[in-house]
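Participant: One structure, pasted below without further comment.
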């Protein structure tokens, strides 16, 4: 998937897929549905282009998701 579903908002992004996976797991633990979207085209790998991976949640969950992310980063 490389495009956000309608009514979904980017809440986290990183150049590390591993970090996005961790935040995705945090959302799952807290019963917040989320989608990882990688818009990186692998044909650019040879050009050494920095890629970003995003984590999206439904707009109704943005506040709760943002709060959980902020809390986890301060621990």
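The values are calculated or read from the model by the stated rules, or taken from the named source; none is laboratory data. None of the values given here were measured: they were computed from a predicted structure. Neighbour counts run over all protein chains shown; Cβ positions are idealised from the backbone, glycine included.
Participant: Which members of segment 53-66 meet the condition of being closer than 9 Å to residue 8 by Cα, under 14 Å from the mean Cα position of the chain (by Cα) and surrounded by fewer than 16 Cβ atoms within 10 Å (Cβ to Cβ)?
Facilitator: 59
Participant: If you check 37, 69, 32, which single one turns out to be modelled with pLDDT of 85 or more, surrounded by 14 or more Cβ atoms within 10 Å (Cβ to Cβ) and out of contact with any helix residue (DSSP H, G or I) (no Cβ under 9 Å at 6 or more places or on another chain)? Working first, answer last.
Facilitator: Details: 69 fails: out of contact with any helix residue (DSSP H, G or I) (no Cβ under 9 Å at 6 or more places or on another chain); 32 fails: out of contact with any helix residue (DSSP H, G or I) (no Cβ under 9 Å at 6 or more places or on another chain).
Checking each option against the conditions leaves just 37.
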